[in-house]
1. Looking at the range 91-213, I'd like the Rg to Rh ratio, where Rg is from alpha-carbon atoms and Rh is Kirkwood's inverse mean 1/r.
2. Dipole of the range 99-140, Cα-centred, from +1 at each Lys and Arg C-beta and -1 at each Asp and Glu C-beta, to the nearest 20 debye?
3. Through the Karplus equation 6.51 cos²θ - 1.76 cosθ + 1.60, θ set to phi - 60°, convert the phi angles of the range 28-36 into ³J(HN,Hα) values in whole Hz; use x for Gly and Pro.
4. What trypsin sites (Lys or Arg not before Pro) in the range 274-331 are in a loop by DSSP, with at most 16 other Cβ atoms within 10 Å of the Cβ?
5. Enter the per residue convex hull volume of the range 139-184, computed from alpha-carbon coordinates, in Å³ rounded to the nearest integer.
6. Could you sort out which of LYS164/LYS195; LYS44/LYS195; LYS164/LYS256; LYS195/LYS248; LYS143/LYS164 sit more than 27 Å apart by Cα distance in this structure?
7. Given labels modelled 7 Å from the Cα in the Cβ direction, how far is it in nm from SER233 to ALA96?
8. Which of the peptides 169-178, 198-207 is most tightly packed, and how do the rest follow, judged by the mean count of other Cβ atoms within 10 Å per residue?
Amino acid sequence: MDTKVVPVWIYMVVTILSTLHADRNVYPSAGVLFVHVLEREHFKGEFPPYPKPGDSSNDPITFNTNLMGYPDRPGWLRYIQRTSHSDGVLYGSPTAEHVGKATIIEIIAYNRRTFETARHNLVINIMSTEEYPLPYQAEFYIKNMNVEEMLASEVLGDFLGAVKNVWQPERLNAVNITSALDRGGRVPLPINNLKEGVYVMVGADVQFSSCLREVENSQNQLRCSQEMEPVISCDKKFRAQFDIDWCKINLVDITKMIMIHSNRPDPGTGVLPDIGGYNPPPESLKSRDFFADFLITLAVPSAVAMVLFSVLGYSMCCRREGVDKRNMQTPDIQLVHHSSIQKSTKELRSMSKNREISWPLSTLPVFSQSGEVVPPLHPDNYETTSMPLMQTQTNLQNQIQIPQQQPSGDRENYCMSTFRRLEVNGIPEERNVAEAVNL
């Protein structure tokens, strides 16, 4: 009996502890950095199988945080978790507008190995402070830190200690921390242990020290414009652990700022009014007549197109004036000129068809019909310098000798002349001897 009761009591104790841990209350101050770490060790005991005391469990666990009843967190609250084997961190700086309002954050833990979930609640009660806001604020840009590294209490304490040694204030608080990626920075390359960078806003109750104001002199401003590091006397107090970009330091004096109050409308709760449930359409839909749509989309444009086509065809085909009317409106002298030009053109064409003059050598084809190249008339070693421009026809092939009349006194003598037999387009052309004699 006792052995059966003990596990039940253990289960009840674990459940009560998890319930108490789920509804955890925190009390941050307005204008002061709020940091809450979601430790994986607090959630490992809620995922079965429950480990025994002393057993190590390294299950991958991720967290999802949102404002209760909303899909996201408040605007001033941020969350970061680098890997599933590291702790998550909620951080931000609440303002005076959130004072007195309980903010309930739902935290859902996911075990990526067993796919189990655990839900916890974090109640944030923002308190007001008398020194809010601190009148003098300085923002530093640290290049060799990531935001989750800077949020660690030891690292943040060391940085505030270094600032306090330089500034010497009575009250010093961390106002806000912002990743450089949220300011438009680029993700660094995974080489040489490069960091994303982080902006740290610090507030104090005394004016800025002379060391912090050294960046405002003309020499350091010139060096910053030339992308050179300025000369700061107190940089050695930070250089051992923090690499500060002094060109990006921002000093703000709230006492000299002019406050502008604008009447903004009430943003409301952000929840849409209830207009009832969704009313789906019925399963049986009424039939619809598409005849009217057919007339509007097809019949009417087609009828208009047919009318326009008929008018255009009548204008082009049935309204032609004809050649007779054109000639009647044309002057007679213009018609005579036109007729004479046509007659002359026809006569020239008919005369060109009856020509029997042989084609010149320059118009003969260079290549034969078989595609073979015609051999040259003279060999390559033939001397062309002594060649006359007008060749005689004594050396030409296919010669025909005909008598040529030469007057010599009373007696008619005849000499032989040669004529070449030509081929034009493969058709032999030869003049009669009688025609040659009559030349």
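The values are calculated or read from the model by the stated rules, or taken from the named source; none is laboratory data. The structure displayed is predicted, hence computed values, not measured ones. Backbone-built Cβ (ideal geometry, glycine too); neighbour counts: all protein chains shown. The protein model used for the area step is the full one, side chains on, heavy atoms only, and it has no ligands, DNA or RNA in it. Shrake-Rupley method; radii C 1.70, N 1.55, O 1.52, S 1.80 Å.
1. My calculation puts Rg/Rh at 1.05.
2. 380 debye
3. x, 9, 5, x, 10, 4, 10, 10, 10
4. Values: sites: LYS286, ARG288, ARG319, ARG320, LYS325, ARG326; in loops: LYS286, ARG288, ARG319, ARG320.
Those that pass, being in a loop and sparsely packed, are LYS286, ARG288, ARG319, ARG320.
5. Spelled out: Cα convex hull of the range 139-184, divided by residues, is 82 Å³.
6. LYS44/LYS195
7. Going from the SER233 label point to the ALA96 one covers 3.6 nm.
8. The densest-packed peptide leads the list: 198-207, 169-178.
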